[in-house]
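Down below is the structure, laid out as structure tokens.
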Amino acid sequence: MDPLLLFVELLPVLCFLILYYHHLQSKKTSPLEPTEWPMVGHLPGLIANIHHFHDWATGILTGLRYFITCDPSNVRHIFTSNFANYPKGDEFAVIFDVLGGGIFNADGESWRRQRVKAQMLMAVPRFRAFTARCSRDKVERSLLPFLAHAADEGAPCDLHDVFLRLTFDMTCTLVFGVDPGCLAIGLPVVPFARAMDDALETLFLRHITPMACWKLMSRLEVGQEKKMAAARRTIDRFVAGTVAKRRADKLEQGIIDSADLLSSFICNEDDSSDNDDVFLRDTTVNLLLAGRDTTGAALSWFFYLISKNPRVEQKLLDELAPVAASRKDAASGGGMVSFDASELGNLVYLHAALCECLRLYPSVPFEHKAVVADDVLPSGKEMKAGDKVLVFSYSMGRMEGVWGKDCAEFRPERWLVTSGEAAGTTTTKRRLRYEPSYKFISFNAGPRTCLGKEMAFAQMKTAAAAVLWNFAVELVPGHVVEPKLSIILHMKNGLAVRVRRRDGVARASHG
């Protein structure tokens, strides 16, 4: 066919498409709002920007005059004031089926019963002491020796992988009483850890794939769902074996002499239906997911930010100096110093720096909610029963209207207030500034506030302080650090760094 004739025949179609595109654009309230196409909705825009999804979402939310998921007053209403009207919802439980009926999927009475039980076991002094001891032991015996080896070799290492391995070992010990040894020299492949990684990847893809499509893939065990099926079998085998061993120990000894959560659940079993192996499987997998990836991701982003902000690094070293001086006689092999969580509790700048990191890089970048009954949010938005709500905590941390004009800056000082120690004196001290959870939502808010918040801070402080004091961490030049597409805010390319041992001069204050 003549090209000119073909062009003439296709010209009306081309004109229609151009006019229809302009019609779709005219319906948008902001140029940054994604175009909503017939049938496929926002999917084309999402696919086009999937390589930087979180920042793309932030740009959209910033450009819109009104977006409910980043309004703190709406967040408070959804998560606290009208909590019962905004459950996770059935769709959430379907997507996260690998978590079974555990606390993160549960709503209503099942959630309340599980939360009370978990809170009771995690709040006892024995478990808190176990957490502190495990954290320090793992840092002292695995993390510091591994980094010392990397420093002596002079080769770059992926600090993101290192921290995920550290927190997987820590969390497995706390939940199951088992140390998988992920952070051994040589970084062995641990099937259980790999299975959790594969499950997380699939869970994110389920958010952007039509449910009918991924359910069919799951039934046929093809594509990404094939990895999920294999991952679930590995997870179930590990948990079933560990539960069976704990039950055998209880039968043989009458009591389990361990403070891990699985042992505590088994020792506190009663006649309720919440004590069978399915309950133990779902509960422990939920707790493992909550503790492992969130803390490891937070530590990774923390050292990324520290490596780019030497001023903050020096302030942290100055704050650690008096504590480290008292630990000299207890230094571990190689002259390295480790810390107890109790020694770090009063270091307000360290706590502020971790909060500031979680503001910019929350471990869980978005939250799901469903709407049970019609409601009106504080902003005036009318919600209808069956609607879905997404709260983008990643975007909220970058909103000028929430955090001020310097919202994009890493500035721990925003978390501190200075006040006089006594009337009539010029001596001042710093204390932490209170920020409500509906504004700083990294640990959720309202009745679903994270049960492991204090445990997470203890682990992060123990690891961060030891690494900061003993090693200088430098990014490998040219290495690109950006968020990965995941329900946890992992790093897409890891965190390639070189570490070197510090000396006394490096630790001395420059001011």
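Against the test of being open to solvent by less than 10 Å² (accessible area, probe 1.4 Å) and either farther than 21 Å from Ala240 by Cβ or in contact with a strand residue (DSSP E or B) (Cβ under 7 Å, 6 or more places away or on another chain) (or both), the options Leu205, Leu143 yield a single qualifying residue, Leu143.
State which residue is surrounded by the most Cβ atoms within 10 Å (Cβ to Cβ) when the search covers only region 379-390 and only residues that are more than 25 Å from the chain's Cα centre (by Cα) and closer than 16 Å to Arg76 by Cβ. Please lay out each step first, then the result.
Within region 379-390, the subset more than 25 Å from the chain's Cα centre (by Cα) is 379-387.
Next cut, closer than 16 Å to Arg76 by Cβ only: 379-381, 383.
Values: Ser379: 12, Gly380: 9, Lys381: 15, Met383: 23.
Among them, the one singled out is Met383.
The set of residues from region 106-119 being touching a residue at least 24 places away in the same chain (Cβ under 8 Å) and either surrounded by fewer than 18 Cβ atoms within 10 Å (Cβ to Cβ) or farther than 17 Å from Asp276 by Cα (or both) comprises Arg113, Arg115, Gln119. Each residue in region 208-257 was checked for being closer than 18 Å to Asp276 by Cβ and exposed (fewer than 13 other Cβ atoms within 10 Å of the Cβ), and 4 of them qualify.
Screening region 391-449 for residues that are surrounded by 15 or more Cβ atoms within 10 Å (Cβ to Cβ) and of a type in the set (Val, Ile, Thr) and picking the one that is modelled with the lowest pLDDT gives Val391.
Filtered by the rule that a residue be part of a loop (DSSP other than H, G, I, E, B), open to solvent by 20 Å² or more (accessible area, probe 1.4 Å) and over 18 Å from Cys450 (Cα atoms), region 81-105 gives Asn82, Gly100. Scanning region 279-325 for residues that are open to solvent by 10 Å² or more (accessible area, probe 1.4 Å) and in contact with a strand residue (DSSP E or B) (Cβ under 9 Å, 6 or more places away or on another chain) gives Tyr304, Ser307, Lys308, Glu313.
The values are calculated or read from the model by the stated rules, or taken from the named source; none is laboratory data. Everything numeric here is computed off the predicted structure, so don't read it as measured data. Backbone-built Cβ (ideal geometry, glycine too); neighbour counts: all protein chains shown. Heavy atoms of the whole protein, side chains included, go into the accessibility calculation; ligands, DNA and RNA do not. Shrake-Rupley method; radii C 1.70, N 1.55, O 1.52, S 1.80 Å.
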